[in-house]
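**Student:** Let me give you the structure first, and then I'll get to my questions.
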Amino acid sequence: MDEQFNTSGRSIRIMPPDLIVRVGAVALGMLVLFLLGATLKIFKEYRYVGSGVAATNTISVSGQGEVFAVPDTGEFSVSVHEDAETVAEAQDEATAKINAIIAYLKGAGVEEKDIKTTNYNVNPKYEYSQAVCTNSYCPPSNQKLVGFEVFQTLQVKVRDTKKAGELLSGVGGKGASEVSGLSFTTDDDNKLKSDAREKAIADAKGKADELAKQLGVSLVRVVGFSEDSGGYPAPYYSKTMAMDSAGGAATPPQLPTGENKITSNVNITYEIR
């Protein structure tokens, strides 16, 4: 229990010893926790950052890795273009041809998820006439609405590259106005990129080991890494196949897929001693 004294009209409260001990224990515990947290933070910084001191003696090397793969996927675009006096007529004609093309593609084994609309436009069509100009005046040209045009483009993914030529020829017979942009790629190239990176790192490490030996130093740790990965352009056929009203291309073209090259270029910096 607190003891209280009155001295010259002022009260003095004296805390009991057991309360003082408890308050001191709490304060000491909080101080210990604070110091422990600070120590752990310093330890982590030392472990992962290297005591916060940047390496001063370093060497940098580069490495390159390459892997090759036969493309397993083809992609191309097929377009329909229709003109008519009204929007509804132009849309009906374009829709009939697009539906026929989609039905053909599905019947040939192309899955619905691999057929995607990438463009759909409806535009007015005008005819322009220019009046005869005189010496002092040239009247403005006249425009006359003569109809409407509809454009629709599908992007098609072909998972059996051997069928690419057959499909390009087949859509022409179903009313396609244009077929373009054929390219061959690898559908999932993550494993290829990983393999290329592994080769690039091994190449860089081999150079670092050789350089360290020549310099008479030892490699301590990696203090810097960067990568620039990519691949050479996939085989691409940019020529547009314009279809005629008689039924398009009759003979499927030969479309060799070739090989794609995936590359990885890395730069690694080592601390030395």
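Please treat every number below as a calculation from the coordinates, not as lab data. No experiment lies behind these values; they were computed from the predicted model shown. Heads up, the Cβs are rebuilt from the backbone with ideal geometry, glycines too, and the neighbour counts pull from every protein chain shown.
**Student:** Straight distance only, please: which lysines reach the Cα of Lys163 with their own Cα at less than 16 Å, same-chain residues fewer than 8 apart left out?
**Tutor:** Within the straight-line cut-off, Lys163 pairs with Lys106.
**Student:** Right, here's the next one. How much length is gained if the chain between Ser180 and Lys116 is pulled fully straight, taking 0.36 nm per residue apart and subtracting their Cα-Cα distance, in nm to one decimal?
**Tutor:** Contour length minus the Cα-Cα distance gives 21.6 nm.
**Student:** First select every other residue whose beta carbon is under 13 angstrom from the beta carbon of Lys213; then total the charges, Lys and Arg +1, Asp and Glu -1.
**Tutor:** 0
**Student:** Taking Lys261 as the anchor, which lysines have their alpha carbon closer than 16 Å to its alpha carbon, excluding any fewer than eight residues away along the same chain?
**Tutor:** Qualifying lysines at Cα under 16 Å: Lys191, Lys193, Lys199.
**Student:** Additional query: Using Cα pairs closer than 8 Å and at least 6 residues apart in sequence, work out the relative contact order for the range 43-167, in percent.
**Tutor:** Relative contact order here is 35 percent.
**Student:** In whole Å, how far is the Cα centre of the range 163-230 from that of the range 120-146?
**Tutor:** Centre-to-centre distance over Cα atoms comes out at 53 Å.
**Student:** Let me ask something else. In nm, to one decimal, how far is the Glu259 label point from the Gln155 one, both placed 7 Å along Cα→Cβ?
**Tutor:** For the pair Glu259/Gln155, the computed spacing is 2.8 nm.
**Student:** While we're on this one: When the Karplus curve 6.51 cos²θ - 1.76 cosθ + 1.60 is applied with θ = phi - 60°, which whole-Hz ³J(HN,Hα) does each residue of the range 257-272 get, with x for Gly and Pro?
**Tutor:** 8, x, 10, 9, 10, 9, 10, 9, 10, 10, 10, 10, 10, 10, 7, 10
**Student:** In straight Cα distance, which lysines are under 17 Å from Lys144, not counting same-chain residues fewer than 8 positions off?
**Tutor:** Within reach: Lys125.
**Student:** How charged is the neighbourhood of Ile262? Take every other residue with its Cβ under 11 Å from the Cβ of Ile262, and add Lys/Arg as +1 and Asp/Glu as -1.
**Tutor:** Overall, the nearby charge balance is +1.
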